[in-house]
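S.K.: Here's a structure for you.
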Amino acid sequence: MIATRSVSGSSQSPRSPSSQPYLSVSVTDPVKLGNGVQAYISYRVITKTNLPEYQGPEKIVIRRYSDFVWLHDRLFEKYKGIFIPPLPEKSAVEKFRFSAEFIEMRRQALDIFVNRIALHHELQQSEDLRTFLQADEETMERLRSQETGIFKKKPTDFMQIFKDVQSKVSDVVLGKEKPVEESNPEYEKLKHYIFELENHLAEAQKHAYRLVKRHRELGQSLSDFGKAVKLLGACEGNSLGKAFSELGTKSETLSVKLQKEAHQLLMNFEEPLKDYVRAVQSIKATIAERANAFRRQCELAETTKLKEINLNKLTLMRSDKVGEAEIEYQELKVESEEATRMFEMIVRLMNEEIVRFQEQKTLDMGIAFHEFAKGQARLANGIANAWRSLIPKLEACSSS
Amino acid sequence: MEQQRSISGSSQSPRSPSSQPYLSVSVTDPVKLGNGVQAYISYRVITKTNLPEYQGPEKIVIRRYSDFVWLHDHLFEKYKGIFIPPLPEKSAVEKFRFSSEFIEMRCQALDTFVNRIASHHELQQSEDLRTFLQADEETMERLMSQETGIFKRKPADLMQIFKDVQSRVSDVVLGKEKPVEESNPEYEKLKHYIFELENHLAEAQKHAYRLVKRHRELGQSLSDFGKAVKLLGACEGNSLGKVFSDLGTKSETLSDKLQKEAHQLLMNFEEPLKDYVRSVQSIKATIAERANAFRRQCELAETIKLKEINLNRLILIRSDKVGEAEFEYNQLKAESEEATRMFEKIMRLMNEEIVRFQEQKTLDMGIAFHEFAKGQARLANGIATAWRSLLPKLEACSSS
């Protein structure tokens, strides 16, 4: 199923090697390394490409979760305005960390993560991506350990901006109590949609998780029931006993089916929902970045105006500080223009990103629902057949 | 289903009125009467018969639970050796008492109870049955209030015998520590089978109840999931939104189905299992009665031996107490023969009853399993169809 969802350039090499440019990545072979609290999972990252910026047609490197985090954080810093593909969560629960189910889910999510970057027309050109896909393990470790300060910050919600020390100082200096916000009705609608979406997704995901749990519980209950009925059958011994045993065995078989389906539901439906939730959180982070950029633009515009007023005052007074003030004014003007450009770039990028996000999400969720409905139909059919196969035997028993 | 299970003479009137003797009873129309703690349920008991001992072809009376208990206790006292059909339990939980599900289940169980008596070749001739089916309500109430002492006792398990004061006194007088038991290998096997059966049945019934509960929980979970997904759909608004809504609605529909099935499982399967458990407890009560009768027979045999020795002694010494002693001896001899007859009758009846019980149980449980398997197949089929109906819409959505 993952093969259909990750729409790489092409997952097979094209007929003539250098005809179509392609970049195909896969994250495979999770292996547990290290001991005790130091233990971690390493993944094999295989890159197949004909792009000139890359070293050769195929490269294999070993990466761990924190390397993926490094890549994510650098992209987030450098490509403001773009919705950086989300990472799967760091696991909080120790003993769950190395369960086969968790490792497989994480591997899939990391594979999707890298592939989304490789498919994004802007992000795929990132130097950090190339480093991630090709650098040897020592280089990667050195880069990873250099990360401090700014890259550790994760501005995932609006409150983060307000708590920023720098902005508090600026606000006091500029005599502002409230932070500045865009007044753009279209954008307001988008923000409102994103926040509402996040709530509803979280609800749907919670209930999807519970649904999986209930399937498992029903499966377990059927199994217990089957065992109890079989014991009853052994005790009876006659044709009634045989009927009990058949019923018991059938219940146990169906129990196994139900437990498998619970697992499938998990992989095929709950996980896409969680992915959707993460994507929305990534968008919220970008919304925060846009607000940052907007505020910076406003602050610089204000400061520049003040500096201009001051410069004119000094010029009139023929002060000897005019030269210095003029240099400061020019510098600020450049910064202000840069901040405006940055903000406008983010706005433009976000508009494109929203469209891309909607299309991709419709596709992903459509597939997820399709698999879910198919899985349910398949399971129900199997269950119906199993029970029906029992009926002739029971009819024989009740009429004898 | 009740029609098949109660093997009355015939549930419809025969072609010529007085050809086949028939006795057909039904318990219907539960109605809540009274208020607060005095509240109770009354049932309509309709008797259709052509038997001469009964007044007319049809009679309708109003009865309550305690009237059924009266009938049960009287039959238990008078027909030792016969497995008296079991009653549904008196409810321990006050507010549960009048849930419509509980009332329906109790009404069915009471109907089964009376019909089993009416179909039993010995019990159907009971005068107490005729009283129960025909006496007016005031007469019934008067009979009920006369009940004291012996009929309030319910010897439901073996321990009851041992605790009986009279037997303890006899044991001390006869210098016995342990109560006397039959040493009959066939009977031992039967007792062992009954006790083992009771345990396994209780287990199976516990798990059947849990199975019903899990179906309900899964149904509820599907409903919550459906609602959450619909909210998500309303938030999205486009074709993705429509897909969410369809999925949500489908989930809610299936939730309904599952909840209904849980109820059906309850009525059609868990209840027969509970009925089986009650029957086994009724058999245990009869086992206790048989042990009582055996012990009484042994005690009297012992006492007679002692009396005979005493009598012979008195004759030898030509005491003037000979006449009195001889009189007592003959009385005891008559009692002893009566006790032996009673015990042998119980033994004979029990042997017939065991065969009848096995046959009836095989039939009842066979039907119950049949209904269970059919119900499960039907439900699973409905679910499969519902999910499949969703697939074309989802396919259209994911390819667009």
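S.K.: Taking the simple approach of a point 7 Å from Cα along Cα-to-Cβ for both A:GLU53 and A:LYS321, what is their distance in nm?
M.R.: Here the answer is 4.7 nm between the modelled labels.
S.K.: Same structure again: Mean separation of Cα pairs under 8 Å and 6+ residues apart, divided by the residue count of the stretch A:185-262: what relative contact order is that in percent?
M.R.: Numbers: 66 pairs, mean separation 26.2, N = 78.
Rounded, it is 34 percent for the stretch A:185-262.
S.K.: Using the number of other C-beta atoms within 10 angstrom as an exposure proxy, rank B:MET350, B:MET144 with the fewest first. Provide the component values of the computation, followed by the final result.
M.R.: Values: B:MET350 22, B:MET144 14.
Exposure proxy ranking, most exposed first: B:MET144, B:MET350.
S.K.: If you don't mind, another one. Would you kindly derive the ³J(HN,Hα) couplings of the stretch B:388-393 from the backbone phi angles with the Karplus curve 6.51 cos²θ - 1.76 cosθ + 1.60 (θ = phi - 60°), listing them in order in whole Hz, with x for Gly and Pro?
M.R.: With the stated coefficients, the stretch B:388-393 comes to 4, 5, 7, 4, x, 5 Hz.
S.K.: Can you return the aspartates and glutamates within cross-link range of B:LYS333? Criterion is Cα-Cα under 18 Å, with same-chain partners fewer than 8 residues away left out.
M.R.: Result set, ordered by chain and number: B:GLU299, B:GLU302, B:GLU308, B:GLU324, B:GLU344.
S.K.: Let me ask something else about it. Taking only Cα atoms of the stretch B:23-151, what ratio of Rg to Rh do you get with Rh as the Kirkwood inverse-distance radius?
M.R.: Details: Rg = 14.5 Å, Rh = 15.3 Å.
Taking Rg over the Kirkwood Rh, I get 0.95.
S.K.: Holding the Cα-Cα limit at 30 Å, pick out from A:LYS32/A:LYS227; A:LYS213/B:LYS361; A:LYS206/A:LYS374 the pairs that are longer than that.
M.R.: Exceeds cut-off: A:LYS32/A:LYS227; A:LYS213/B:LYS361.
S.K.: Further, regarding this structure: Restricting attention to the alpha-carbon atoms of the stretch A:251-321, what are Rg (one decimal) and Dmax (integer), both in Å?
M.R.: Both quantities, over Cα of the stretch A:251-321: 29.9, 97 Å.
S.K.: Moving on to the next point. With θ set to phi - 60° and the Karplus curve 6.51 cos²θ - 1.76 cosθ + 1.60, what are the ³J(HN,Hα) couplings of the stretch A:60-65 in order, to the nearest whole Hz, using x for Gly and Pro?
M.R.: Those phi angles translate into 10, 10, 9, 10, 10, 3 Hz.
S.K.: OK, next. Against the empirical 2.2 N^0.38 Å scaling, what ratio does the C-alpha Rg of the stretch A:184-399 come to? Present the calculation step by step, with values, prior to reporting the outcome.
M.R.: Working: Rg = 33.3 Å, N = 216, 2.2 N^0.38 = 17.0 Å.
Output field value: 1.96.
S.K.: So, R0 is 35 Å and r is the distance between the beta-carbons of B:LEU190 and B:ILE62; what FRET efficiency does that work out to, to 0.05?
M.R.: On the way: r = 40 Å, r/R0 = 1.14.
The computed FRET efficiency comes out at 0.30.
S.K.: A further question follows. Ranked by Cβ crowding within 10 angstrom, fewest neighbours first, how are A:CYS235, A:CYS298 ordered?
M.R.: Details: A:CYS235 16, A:CYS298 21.
Placing the least packed residue first, the sequence is A:CYS235, A:CYS298.
S.K.: In addition: Give me the number: length gained by fully extending B:GLU181 to B:LYS32, i.e. 0.36 nm times residue separation minus the C-alpha to C-alpha distance, one decimal in nm. Walk me through the numbers on the way to the answer.
M.R.: Working: separation 149, 0.36 × 149 = 53.64 nm, distance 4.72 nm.
Extending this stretch completely gives an extra 48.9 nm.
S.K.: What is the order of B:ILE309, A:ILE62, fewest Cβ neighbours within 10 Å to most? Provide the component values of the computation, followed by the final result.
M.R.: Working: B:ILE309 10, A:ILE62 15.
With the sparsest Cβ surroundings first, the list reads B:ILE309, A:ILE62.
S.K.: Right, something else. Which FRET efficiency, nearest 0.05, do B:SER99 and B:GLN281 yield, Cβ-Cβ r, R0 35 Å?
M.R.: Taking R0 as 35 Å, the efficiency between B:SER99 and B:GLN281 is 0.90.
S.K.: Also, I was wondering about something else. Each label point is 7 Å from the Cα along the Cα-to-Cβ direction; what then is the distance between the points at A:ALA202 and B:LYS345, in nm?
M.R.: 7.7
S.K.: Then there is this: Compute the FRET efficiency between B:HIS121 and B:GLU141 as 1/(1 + (r/R0)^6), taking r as their Cβ-Cβ distance and R0 = 25 Å, and round to the nearest 0.05.
M.R.: Values: r = 31 Å, r/R0 = 1.22.
Approximately 0.25, to the nearest 0.05.
S.K.: Check the straight Cα-Cα distances from B:LYS345 and name the aspartates and glutamates below 16 Å, setting aside those fewer than 8 residues away within the same chain.
M.R.: B:GLU77, B:GLU122, B:GLU182, B:GLU289, B:GLU335, B:GLU337, B:GLU353
S.K.: Further, regarding this structure: Expressed as a rounded percentage, what relative contact order does the stretch B:23-151 have, with Cα pairs under 8 Å and six or more residues apart?
M.R.: On the way: 158 pairs, mean separation 36.5, N = 129.
Computed over the stretch B:23-151, the figure is 28 percent.
Rule-based calculations on the coordinates, nothing more; no lab input. Fair warning: this is a prediction, and the values are worked out from it, not measured in the lab. Ideal geometry is used to build each Cβ from the backbone, glycine not excepted, and the neighbour counts take in all protein chains shown.
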